[in-house]
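Visitor: So that we are looking at the same thing, I have put the structure below in structure tokens.
The values are calculated or read from the model by the stated rules, or taken from the named source; none is laboratory data. Predicted model, so just to flag it, every value in this text is computed and none were measured. Note: ideal-geometry Cβ built from the backbone for every residue, glycine included; neighbour counts use all protein chains shown.
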Amino acid sequence: MSNENEQEVQLEQNPKILGAVDLPKVDLKPFNGQKAKITELTYEDHAKHGKYAKIVTNTLEGSPDGLEIKASKILGLVEIKNKETGEVDGYGWGKESNTASFLKTVGVETLNDLIGIEVLVLYQVTKKGKEVLTF
């Protein structure tokens, strides 16, 4: 691998973070009811809430220039432990959980099957007053 290619990889993995910037205020209400496809699935671990999957749509139509407005959803996961060793074998979800209900609603059995599924974007205001786009 050439030194130039190594530098490109280095920059991609460690972007130059400049700090906070002023972003334009975007009215999210017009995105409500728009159809979008799920394009991203990541697994994350948050100390307070545990393991979860985050699913994200493609950039929504009507996003202002320079901004990628997307809808997202968090799906909770639980540890599945080996009965003999007590070690974590992996992660799953409860059969009666919100995650199971969502998978059933969109007609898939696994989280990986969500990629490419079309969803209806919903505008919501959280309990803390934050405006979000979900599905």
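Visitor: Considering each residue of the range 74-103, count those that are under 22 Å from N32 (Cα atoms) and not hydroxyl-bearing (S, T, Y), and give that number.
Guide: Of the residues in that region, 5 qualify.
Visitor: Take E87 and decide whether it is among the acidic types (D, E) and either on the phi > 0 side of the Ramachandran plot or without any contact (Cβ under 8 Å) to a residue 24 or more places away in the chain (or both).
Guide: Values: among the acidic types (D, E): yes; either on the phi > 0 side of the Ramachandran plot or without any contact (Cβ under 8 Å) to a residue 24 or more places away in the chain (or both): yes.
Answer is yes for this residue.
Visitor: Return the only residue of E118, E61 being loosely packed, with under 14 Cβ neighbours inside 10 Å, over 29 Å from D22 (Cα atoms) and modelled with pLDDT of 95 or more.
Guide: Values: E61 fails: over 29 Å from D22 (Cα atoms).
Checking each option against the conditions leaves just E118.
Visitor: Looking at the range 78-97, is at least one residue crowded, with 17+ Cβ neighbours inside 10 Å and under 13 Å from the mean Cα position of the chain (by Cα)? Don't jump to the end; show me each part of the working.
Guide: Of the residues in the range 78-97, the ones crowded, with 17+ Cβ neighbours inside 10 Å are 91, 93.
After this cut, where a residue has to be under 13 Å from the mean Cα position of the chain (by Cα) as well, the list is none.
No, the range 78-97 contains no residue that is crowded, with 17+ Cβ neighbours inside 10 Å and under 13 Å from the mean Cα position of the chain (by Cα).
Visitor: Follow-up. Is there a residue in the range 42-56 that is assigned to a loop (DSSP other than H, G, I, E, B) and farther than 21 Å from L133 by Cα? Can you show your working first?
Guide: Kept after step one, since they are assigned to a loop (DSSP other than H, G, I, E, B), are these residues of the range 42-56: 47-49.
Going one step further and asking which of them are farther than 21 Å from L133 by Cα, we end up with 47-48.
Scanning the range 42-56 turns up at least one residue that is assigned to a loop (DSSP other than H, G, I, E, B) and farther than 21 Å from L133 by Cα.
Visitor: I'd like the full set of residues that are touching a strand residue (DSSP E or B) at 6+ places or on another chain (Cβ under 7 Å) and either surrounded by 12 or more Cβ atoms within 10 Å (Cβ to Cβ) or within 17 Å of K54 (Cβ to Cβ) (or both), limited to the range 121-135.
Guide: To start, the set of residues in the range 121-135 that are touching a strand residue (DSSP E or B) at 6+ places or on another chain (Cβ under 7 Å) comprises 121-126, 131-135.
Matches in the range 121-135: V121, L122, Y123, Q124, T126, E131, V132, L133, T134, F135.
Visitor: Residue check, E79 against (1) modelled with pLDDT of 95 or more; (2) touching a Phe, Trp or Tyr at 6+ places or on another chain (Cβ under 8 Å), all met but one. Which one?
Guide: Exception for E79: condition (1).
Visitor: Also, I was wondering about something else. Of all residues being surrounded by 12 or more Cβ atoms within 10 Å (Cβ to Cβ) and not basic (K, R) in the range 44-57, which is farthest from G107 (Cα to Cα)? Just the residue, please. Can you show your working first?
Guide: Here is the first cut: in the range 44-57, the residues surrounded by 12 or more Cβ atoms within 10 Å (Cβ to Cβ) are 44, 50-57.
Still in the running and not basic (K, R): 44, 50, 52-53, 55-57.
Values: E44: 24, G50: 26, Y52: 20, A53: 17, I55: 16, V56: 17, T57: 17 Å.
Looking at residues that are surrounded by 12 or more Cβ atoms within 10 Å (Cβ to Cβ) and not basic (K, R), I get G50.
Visitor: Out of the residues in the range 64-77 that are free of Cβ contacts under 8 Å to residues at least 40 places away in the same chain and in contact with a helix residue (DSSP H, G or I) (Cβ under 9 Å, 6 or more places away or on another chain), state the one that is surrounded by the fewest Cβ atoms within 10 Å (Cβ to Cβ).
Guide: Initially, the range 64-77 is screened for residues free of Cβ contacts under 8 Å to residues at least 40 places away in the same chain, giving 65-66, 68, 74-77.
Checking the rest, the ones that are also in contact with a helix residue (DSSP H, G or I) (Cβ under 9 Å, 6 or more places away or on another chain) come to 75-77.
Details: L75: 19, G76: 15, L77: 21.
Across the range 64-77, the extreme among qualifying residues is G76.
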